[in-house]
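Notes follow once the structure below has been shown.
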Amino acid sequence: MTDDEHETTADPTGDEPAVSDGGTASDGGSIVDDDFPADGVPDTPHGDDHGLPPTHSIRRWFVTTNHKDIGLLYTVTALFFLIFGGLLALLMRLELWAPGADFLAAGSYNQAVSAHGLIMVFWFLSPLAFGFANYVVPLQIGAKDLAFPRLNALSYWLYLFSGILMGISFFQGSTFNGGWTMYAPLNMPVYTPDIGGTTTVLALILFVASATVGSVNFLTTMHRMRAEGMTLRRMPIFTWSILLTVWMMLFAFAALLAALMLLSSDRLIGTAYFAESSPGGAMLWAHLFWFFGHPEVYIVFFPALGAMAEIFQTFTGRRLVGRKWFIGAMLLVAIQSFVVWMHHMFLTSINLEIKTLFMATTIGISLPFDLMVFSLIYTMLKGKIRFKTPFLFGFGALVLFILGGITGVFLGAVVLDYTLRGTYWVVAHFHYVMVGGVTGLVGGLYYWFPKMTGRMYDETLGKVHFGMYFVGFNLLYFPMFLAWETPRRVFEYAPALTGWHQLSTVGAFLLGSSFLVMFYNLFKSAFVGEQVEGQPWDFASTAEWTVPSPPPLENFPGVPTYASGRLEFEDGGSAQTDGGAVHGKAAALPGSEVTETEHGGGESHASIWPFVLGAGAFLVLLGLSGLQRGYFPEGTMGGVHIGTAIVGGVLAFGSLVAMTREKFHGPEGPFGESWPFTTVENTKLGLWIFLASDVILFGAFIGAYVFSRVAHGWTDWHHLIPEAHVVLPGLINTYLLLTSSFAVVIAMEFAKRENRLGVVGSLVATVGLGVGFLINKGIEWQHLFHIHTEAFPAGWDPGTNIASTTFYVTTGLHALHVIVGLVIAGYMIFRAWGGAYMGDDEPIEYFGLYWHFVDIVWLFLFPLFYIV
Amino acid sequence: MSRTKLYTAIYVVLFVLATAQAVVEQAGYLEESYWLAFWAIMVLSAVKAVVVAGWYQHLRWEPRSLTTLMLLGLLGAVALTVAASYSIL
């Protein structure tokens, strides 16, 4: 095959029939070809910055809400955490040079092991992928920005502050030292008593908050804000991988949030979810953690897979072979990922039937991966490979993933798992998969570096980096397969295995030093590298390469459309859409059209409040970390903790209020393609998506109750509950909440009729009933706390037994939701009094979606905790 | 029927169903036939939830994709609860 045969790129936008001869797209689907730039791309990219400070101003990076800036912030911060986690790994490898704790103290080794895992999985891997996602996805789908730019900035700041909180935990006695999986009962204060352990858990909660906000934002954006003609079927493969990743994140992280909140309750208040005295406590943690944990493997790996697929297409000059099957396989894995979690629990006391079932689902999940692997291999065979640095890393990732995948199948088989679980086989397999993913993402870093910086990296140094990386990687991890009998997480091992471990340590330092080459290369190239135009690669086929490098603030020179089968940009016109397809080349962006004319300055790109809110949340959790068994420490430290939490709370609340008052205009959409949420406005969709994750959160809380009750004996549960715990308070609260829900829908009706007093009165009734709900609950709790019976001589408080724990914590979470709703409703009363909502019931409807959801949850809590 | 009347009728139905749940317990059906009463009470909760979601949250008039979205979340929560509980039986 000649080079000429590759001059037209693979079809980037479509799922058109695959070409069969090695990369010549036949259907006009190319975005980028020899005629680059694509139609309509101007030579002068940078326009008005809408008040956003220039990039050399430090202030810009605190206020920016632009997706490309946020992408850069994510990428740089994630690389910092790579260094953090990597240094901890090197400390571990030095310790393992010989058996025994002869380098680090035993406790320090445990901290290094635990923190390394947590930092790499949470604070490095996914955030690096989301650096790319932030930068590239809006460009690939033809959007100016994400749907909620300030929430995007908030995601980043919550992420950064969660990482800082994690770092601070090292200075509070010790960070969490019970392993990255935080298994119970090691995660209880009796075994990990340091405040730093609690801070680690709270840091993870903050991280999950960041991930949830990000998921809602990306899902709304990708479903609602695609350009005309950019159907789901036509979406670039990297964007597909991110779409599936954020769907998995939405549900999986909600389960982790539930697990972490229950653990925080145990550590801060002294409840008994995971206590040894609670039946099934350790198993409960394992179920909740791995329900999140296995999808997390794919959450981490999918973006790498997407980056690899893009890289393979670009550097083979060939569209991905079996593209739609590849996407289908990813979709299948995303679904299957939620039904394999118990293969992590084969060594626990779960029954044989469920083990067998989960063995089958686990083996089953390898099949779609086989398809993806063959697709990538066949793409190489059908194309002509150019061995640039991104491809080398992409190819290396494929090789490593194949090895990691095959060795993982061993662990999916129950009988083999009995032998291999808890050994270095798992460590080696896990790192081949996860760091295999890192390899793909490093390929992505080199691939998109010219787009992000406008300059090319040094190719020779890139190849040196790959050589050192690949050799170092295999020298580090492959000996672990050979020394598989080494027990996991401990520094003792059989002396006969010392040689393999020393080889691993040498490999670790080689791998680590390879990153020094990368940092030098990228840092230097970012300032003095060869300048590049929009498209530095010959056969890149996605939309980000059609705009200058780096792209202008609002990405495109006009309205992007794929209606003709290739990307074109149109000037604004008068045609508006109804949320469906835009018709004709004169069509305009409805969102931008409105914004330009109504607000005079286009979309906003700056707000300080996400940063302040992130800082406030950080201080609240830092303050709360001192809480133990419901009490802050005596003396000055207690005062410092309380003060920190109060200051944080004021900052957080103040910034929330400020955000509601701030005039900020984000892109509204739709821009042409919004299936399957065509008629659902952005904010409403975002709210519904958030509620879906809240279903999992409450579902996991209720699931924890059901599981604990089954473990104890369902019908014996009543012995754990005092006679004084009766139906009536629950029934009264059901009436109160149902009536408050009714008041909200009536408020909507008054708003439609533009009856101001009616709206205000209905909302006041809603708040009054909600407050009544809380007062009734408070009276009930006070009564139960202070009962004195033979069975419960010291009252029935949250730590009395597992029944009281589940009751107070689950209904307490619900009460917190009520309080949040009351704050929002209070604000709306204030606005309604001033004449808001007349003829516009949407804000009340959106509040109602949340309030009715809280009502629905109570409809299940009432029978479960008061009747049955 | 106007929306206001519809909402009011739904409110009355919800109120009655909640009362019925308490009546099942007060009448001693849980002692007589625990699991029958248990499922009756839970079905009543499910009916109330569907009514609130369908009419008060307007899911009935929204695209089916939103209902599917919520059902996906519900499916995940139920799968976790049922499978985890079954695993220790």
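Go through the stretch A:720-748 and report how many residues are within 12 Å of chain B (Cβ to nearest Cβ) and touching a residue at least 24 places away in the same chain (Cβ under 8 Å).
Number of matching residues: 19.
Anything in the stretch A:676-719 that is facing chain B (nearest Cβ under 7 Å), aromatic (Phe, Trp, Tyr) and assigned to a helix (DSSP H, G or I)? List them, or say none.
A:Trp688, A:Phe707 - these are the residues of the stretch A:676-719 that are facing chain B (nearest Cβ under 7 Å), aromatic (Phe, Trp, Tyr) and assigned to a helix (DSSP H, G or I).
Restricting the stretch A:832-845 to residues that are part of a helix (DSSP H, G or I) and under 23 Å from A:Leu685 (Cα atoms), which is nearest to the other protein chains (Cβ to nearest Cβ)?
A:Glu845
So, in the stretch A:846-868, exactly how many residues are of a type in the set (A, V, I, L, M) and at the interface with chain B (Cβ under 7 Å from one of its Cβ atoms)?
Looking only at that region, the number is 5.
Out of all the residues in the stretch A:388-407, is one or more surrounded by fewer than 24 Cβ atoms within 10 Å (Cβ to Cβ), over 28 Å from the mean Cα position of the chain (by Cα), within 23 Å of A:Gly462 (Cα to Cα) and of a type outside the set (A, V, I, L, M)?
yes
In this structure, does A:Thr460 turn out to be closer than 17 Å to A:Phe391 by Cβ, at pLDDT 95 or above and β-branched (Val, Ile, Thr)? Can you show your working first?
Values: closer than 17 Å to A:Phe391 by Cβ: yes; at pLDDT 95 or above: yes; β-branched (Val, Ile, Thr): yes.
When the stated conditions are applied, A:Thr460 passes them.
Quick one: A:Ser108 ticks every box in (1) surrounded by fewer than 24 Cβ atoms within 10 Å (Cβ to Cβ); (2) of a type in the set (S, T, N, Q); (3) assigned to a loop (DSSP other than H, G, I, E, B) except a single one, so which number is it?
With (1) surrounded by fewer than 24 Cβ atoms within 10 Å (Cβ to Cβ); (2) of a type in the set (S, T, N, Q); (3) assigned to a loop (DSSP other than H, G, I, E, B) applied to A:Ser108, the lone miss is (3).
Considering only residues that are aliphatic (A, V, I, L, M) and within 7 Å of chain A (Cβ to nearest Cβ), look in the stretch B:32-69 and name the one that is surrounded by the fewest Cβ atoms within 10 Å (Cβ to Cβ). Spell out the reasoning first.
Of the residues in the stretch B:32-69, the ones aliphatic (A, V, I, L, M) are B:36-37, B:40-44, B:46-47, B:49-53, B:59, B:66, B:69.
Subset that is within 7 Å of chain A (Cβ to nearest Cβ): B:41-42, B:49, B:52-53, B:66, B:69.
Numbers: B:Ile41: 23, B:Met42: 16, B:Ala49: 20, B:Val52: 22, B:Ala53: 20, B:Leu66: 24, B:Leu69: 24.
This residue is B:Met42.
Out of A:Phe176, A:Phe148, A:Phe171, report the one residue that is farther than 17 Å from A:Leu260 by Cα and crowded, with 20+ Cβ neighbours inside 10 Å.
A:Phe148
Given the condition under 28 Å from the mean Cα position of the chain (by Cα) and of a type in the set (Val, Ile, Thr), answer yes or no: does some residue in the stretch A:374-381 qualify?
Residues of the stretch A:374-381 that are under 28 Å from the mean Cα position of the chain (by Cα), as a first pass: A:375-376.
Pick out the ones that are also of a type in the set (Val, Ile, Thr) and you get none.
No, the conditions are met nowhere in the stretch A:374-381.
Within the stretch A:714-729, can one find any residue that is over 30 Å from A:Leu263 (Cα atoms) and surrounded by fewer than 20 Cβ atoms within 10 Å (Cβ to Cβ)?
Within the stretch A:714-729, one or more residues are over 30 Å from A:Leu263 (Cα atoms) and surrounded by fewer than 20 Cβ atoms within 10 Å (Cβ to Cβ).
Identify, please: which residue in the stretch A:665-699 is among the aromatic types (Phe, Trp, Tyr) and at pLDDT below 95 and is, among those, surrounded by the most Cβ atoms within 10 Å (Cβ to Cβ)?
Top of the filtered list is A:Phe671.
Suppose we filter A:Ser693, A:Ser655 for residues that are in contact (Cβ under 8 Å) with a residue 60 or more places away in the chain, at negative phi and out of contact with any Asp or Glu (no Cβ under 6 Å at 6 or more places or on another chain); which single one remains?
The conditions single out A:Ser693.
Can you confirm whether the stretch A:757-775 contains a residue that is within 21 Å of A:Ile802 (Cβ to Cβ), within 14 Å of another protein chain (Cβ to nearest Cβ) and crowded, with 17+ Cβ neighbours inside 10 Å?
no
Please pick out the residue among A:Ala304, A:Ala329, A:Ala334 that is within 27 Å of the chain's Cα centre (by Cα), closer than 22 Å to A:Gly408 by Cβ, crowded, with 24+ Cβ neighbours inside 10 Å and in contact (Cβ under 8 Å) with a residue 40 or more places away in the chain.
Selected residue: A:Ala304, the only one of A:Ala304, A:Ala329, A:Ala334 that is within 27 Å of the chain's Cα centre (by Cα), closer than 22 Å to A:Gly408 by Cβ, crowded, with 24+ Cβ neighbours inside 10 Å and in contact (Cβ under 8 Å) with a residue 40 or more places away in the chain.
What single numbered condition from (1) touching a Gly at 6+ places or on another chain (Cβ under 6 Å); (2) in a helix (DSSP H, G or I); (3) not aromatic (Phe, Trp, Tyr) fails to hold for A:Ala329?
For A:Ala329, the exception is condition (1).
Have a look at B:Ala84, B:Ala20 and point out the one that is in contact with a Leu (Cβ under 9 Å, 6 or more places away or on another chain), closer than 30 Å to A:Val726 by Cβ and within 7 Å of chain A (Cβ to nearest Cβ).
Every option except B:Ala84 fails the conditions.
Could you name every one of the helices (runs of 4 or more DSSP H) located completely within the stretch A:408-485 that has at least 1 residues being surrounded by fewer than 17 Cβ atoms within 10 Å (Cβ to Cβ)?
A:414-420, A:459-482
With A:Met230, A:Met222 as the choices, which residue is in a loop (DSSP other than H, G, I, E, B) and buried (at least 24 other Cβ atoms within 10 Å of the Cβ)?
A:Met230
The values are calculated or read from the model by the stated rules, or taken from the named source; none is laboratory data. Keep in mind it's a predicted model, so treat the numbers as computed, not measured. So basically every Cβ, Gly included, is an ideal-geometry build from the backbone, and we count neighbours across all protein chains shown.
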